[in-house]
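Inspection log for the structure reproduced underneath, given as structure tokens.
No value in this document is a laboratory result; all are computed from the given coordinates. It should be emphasised that the depicted structure is a prediction, and the values quoted were computed from it without experimental measurement. Here the Cβ is made from the backbone with ideal geometry for all residues, glycine too, and neighbour counts use every protein chain on show.
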Amino acid sequence: MMQKLITVGNSKALTISKDILKQVGDVDIAKVQYEASKKRLIIDFNPQEVVDSAIDPEVYAVAKSLLKRYSKAFAELAKK
């Protein structure tokens with residue numbers, strides 16, 4: 001699949017199609033690896049593997065719970 005890159009400031013962004021998101025499920029974080037020799041970008045959506053390698057699982061669970069619980073309050077604060 002070919003996907004267009006979008007310019008965001010001095011960076012480029014890659015959108016992920018709705019079909020792929022349906023298959024991946026509800027994820028908030030992904031592990032990204034770049035293989036320079038092959039000019040290859042690998043995006044790993046395996047939530048448990050990503051959490052285990054990047055964040056303490058207990059901290060991640062608490063943070064996700066707080067974000068869900070107080071999402072309205074955070075949204076209001078962001079407006080100020």
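General remarks:
- With R₀ set to 35 Å, the beta-carbon distance separating Asn46 from Lys80 gives a calculated FRET efficiency near 0.45.
- In the chain, a dipole from Cβ-located charges (positive for Lys and Arg, negative for Asp and Glu) runs towards its positive end, and of Leu67, Ala78, Ala30 it is Ala78 whose Cα lies farthest in that direction.
- Sites Leu14 and Ala73 - FRET efficiency at Förster radius 35 Å, r taken between beta-carbons, to 0.05: 0.65
- Sum of side-chain charges, Lys64 neighbourhood, beta-carbon under 13 Å (Lys, Arg +1; Asp, Glu -1): -2
- Residue order for Phe45, Phe74, fewest other beta carbons within 10 angstrom first, comes to Phe74, Phe45.
- In the chain, Cα pairs under 8 Å separated by at least six residues give a relative contact order of 15 percent.
- Going from the residue with the fewest nearby Cβ atoms within 10 Å to the one with the most, Tyr34, Tyr60 rank Tyr34, Tyr60.
- When the P(r) is computed for the chain, the part past 15 Å accounts for 72% of the Cα-Cα pairs.
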